[in-house]
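Visitor: My questions all concern the structure below.
The values are calculated or read from the model by the stated rules, or taken from the named source; none is laboratory data. Keep in mind it's a predicted model, so treat the numbers as computed, not measured. In this analysis, Cβ positions are derived from the backbone assuming ideal geometry, glycine residues included, and neighbour counts consider all displayed protein chains.
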Amino acid sequence: MIKARIRGIYSQSLTQILLQNHFEIVQPIPEVARRFGLPFRKEIPDVDIWDRSDLQGIVAIAYEAILTKITDVLRRRLGWVITRTPRVAKSSIYKGCVLGRDERTGQTRVDLGELSGLLPSRDFKPGSHVMVQIRAHDYGRRAPVLSSSITIPGRSAVLLPEPVVRLSTKIKDPETRDDLIALGRRIREHTDTWGILWRTAAEGLIEEELRDEVDYLLDSAQQVHSRYTERSSPGLVFEGTSNADIEFPAEVKKVLDKIRGEIRPTLDRHHFYMSAGYIPLVEFAEMVIEDRPSERAYFASKLEKVVSRDMPRVDDAINIEHVKLDGRNIILARGRVVEVSPSSLLIKRQFRHTNRKLKIAPNHTNNVDTVRDEGDYAITHVIPGALTLVTKYYSRDDQLKGTYVNINTGVELYPSNGNSPSRIRYVDLEIDIVNPVGGKARVIDQHLLKRAVQRGFISQDMANQAKEKAEAICMELSGRLVQ
């Protein structure tokens, strides 16, 4: 069975899902251990799961086969999960062939067999072979960053290419740190030129287990050099663990709320409130209603009242977070709220002179855009939870130029936070509809949706639903759909 360690605001729902799919939970936090009756097991996990820094999903670290299984489980159970994994796993080691200087970056481009990467060092001649390791990636938008300084990573230790002993900064206990440093120095006497970095997982292991881990890594290092020598062409010689960036849009948060509600009292929109930064208030309210269920409605209304104070009002500034499927978070031109109703709001964005293009012109094709004129503005109709965002573009003299309908995950309206204004957030599903004045409504960017499926960001079923919605809206705008 696959062993998982889970941390963060999604831990209870994810624990339920993984247990139901035959995963084992190790090193559970006390609350999870109590809720599920789990013993505290010190085993090293096969997969580590924790919150993304923006609380909009999770990061999972494991080997590719395990990440594929987790992705399949989450998509089957939660629906519209968006998953981003790099084309090559971090820490993987390759036999590379130097191609030469990259014109854009000035770095050395290296052929890895399945793709190429960039090596900051320029001391390699074209055509020569070099052992390189993946140091950084960004889910395929650019070439991975390489290093010729090789490490051999394990679960509780890492072999370093210099004779030192180091510790993870997450190991805080002074006595444990001293013991690991002393053990590392004793082991270092038998590792030739390799140094040792103790990872966080080393904290819970005995000396024999740690020595076995280092022996295993020393054997792995020998195998890496043997495979490198045996290979006649560029390719992988050591597989590292990979990152999966897993995003939970509005639809997924609702399902997670329902799953968590099967475990303990859970407020409606629990995961939305948590991701919006109201963690202490939510935890307090749910702690009270667990003891006093009859007061659930009262505490829910009070929490909603607190949140509503930070929601946008007329004339407030507001940001639009247009999140791409590859993970880019694009902040559109800041808008201002011009109208608020119980179920929606209108946002106006004024445009200065710019080289940005609009696709609403009648003569637009997927390859030809027209320049947006200075003084134009846009009015966006925002309905929280909607799978579309409708924007009407106007000229400086208030003449409608056309309508742009964005197909996306459910729109989330987040309150202001400190010095930051409120914001709407959604994940763009690439495919859109344009309806220019005097022109014909049409669906655009279908090739981008297809590419997203090929990259594994979304499932084919999710893409089909987005395409069907876009086509239905296009027919409606064209007047061919009977209401």
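Visitor: So which helices (runs of 4 or more DSSP H) stay within the range 258-309 end to end and still have 2 or more residues that are without any contact (Cβ under 8 Å) to a residue 12 or more places away in the chain?
Guide: 279-291, 296-308
Visitor: Still on this structure, I have one more. Cβ-Cβ distance below 8 Å, separation of 6 or more or different chains: which pairs start in the range 156-179 with a residue that is under 21 Å from residue 224 (Cβ atoms) and touching a residue at least 60 places away in the same chain (Cβ under 8 Å) and end on one that is surrounded by 15 or more Cβ atoms within 10 Å (Cβ to Cβ) and among the aromatic types (Phe, Trp, Tyr)?
Guide: Listed pairs, sorted by first residue: 156/198; 157/198; 159/194.
Visitor: Tell me, which residue of the range 5-61 that is among the β-branched types (Val, Ile, Thr) and assigned to a loop (DSSP other than H, G, I, E, B) is nearest to residue 252 (Cα to Cα)?
Guide: 9
Visitor: Let me spell it out: the conditions are (1) over 26 Å from residue 69 (Cβ atoms); (2) surrounded by 17 or more Cβ atoms within 10 Å (Cβ to Cβ), and residue 238 meets all of them except one. Which number is the exception?
Guide: The failed condition is (1).
Visitor: Those residues that are under 26 Å from residue 427 (Cβ atoms) and assigned to a loop (DSSP other than H, G, I, E, B), I need them from the range 314-323; list them, please.
Guide: Scanning the range 314-323 gives a single hit, 316.
Visitor: Quick check on my filter: what residues within the range 75-116 are surrounded by fewer than 17 Cβ atoms within 10 Å (Cβ to Cβ), under 21 Å from residue 6 (Cα atoms) and in contact (Cβ under 8 Å) with a residue 12 or more places away in the chain?
Guide: If the condition is that a residue be surrounded by fewer than 17 Cβ atoms within 10 Å (Cβ to Cβ), under 21 Å from residue 6 (Cα atoms) and in contact (Cβ under 8 Å) with a residue 12 or more places away in the chain, then 79 is the only one that fits.
Visitor: In the range 66-74, is there at least one residue being crowded, with 16+ Cβ neighbours inside 10 Å, assigned to a strand (DSSP E or B) and under 23 Å from the mean Cα position of the chain (by Cα)?
Guide: For the range 66-74, residues crowded, with 16+ Cβ neighbours inside 10 Å, assigned to a strand (DSSP E or B) and under 23 Å from the mean Cα position of the chain (by Cα): absent.
Visitor: OK, next. Go through the range 381-483 and tell me which strands (runs of 3 or more DSSP E), entirely inside it, have 3 or more residues that are surrounded by 16 or more Cβ atoms within 10 Å (Cβ to Cβ) and either among the hydroxyl-bearing types (Ser, Thr, Tyr) or without any contact (Cβ under 8 Å) to a residue 24 or more places away in the chain (or both).
Guide: 388-394, 400-408
Visitor: It is to be established whether one or more residues within the range 117-139 are under 24 Å from the mean Cα position of the chain (by Cα), outside any strand (DSSP E or B), in contact (Cβ under 8 Å) with a residue 12 or more places away in the chain and buried (at least 17 other Cβ atoms within 10 Å of the Cβ).
Guide: For the range 117-139, residues under 24 Å from the mean Cα position of the chain (by Cα), outside any strand (DSSP E or B), in contact (Cβ under 8 Å) with a residue 12 or more places away in the chain and buried (at least 17 other Cβ atoms within 10 Å of the Cβ): present.
Results for (1) closer than 30 Å to residue 408 by Cα; (2) at pLDDT 95 or above, shown as yes or no for each residue.
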position: 56; (1), (2): yes, yes
position: 91; (1), (2): no, no
position: 96; (1), (2): no, yes
position: 103; (1), (2): no, no
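Visitor: State whether one or more residues within the range 325-347 are out of contact with any Asp or Glu (no Cβ under 6 Å at 6 or more places or on another chain), over 21 Å from residue 415 (Cα atoms) and hydrophobic (A, V, I, L, M, F, W, C).
Guide: Yes; the residues of the range 325-347 include at least one that is out of contact with any Asp or Glu (no Cβ under 6 Å at 6 or more places or on another chain), over 21 Å from residue 415 (Cα atoms) and hydrophobic (A, V, I, L, M, F, W, C).
Visitor: For the range 79-92, does any single residue satisfy the condition of being more than 15 Å from residue 456 (Cβ to Cβ) and either within 18 Å of the chain's Cα centre (by Cα) or in a helix (DSSP H, G or I) (or both)?
Guide: Yes, some residue in the range 79-92 is more than 15 Å from residue 456 (Cβ to Cβ) and either within 18 Å of the chain's Cα centre (by Cα) or in a helix (DSSP H, G or I) (or both).
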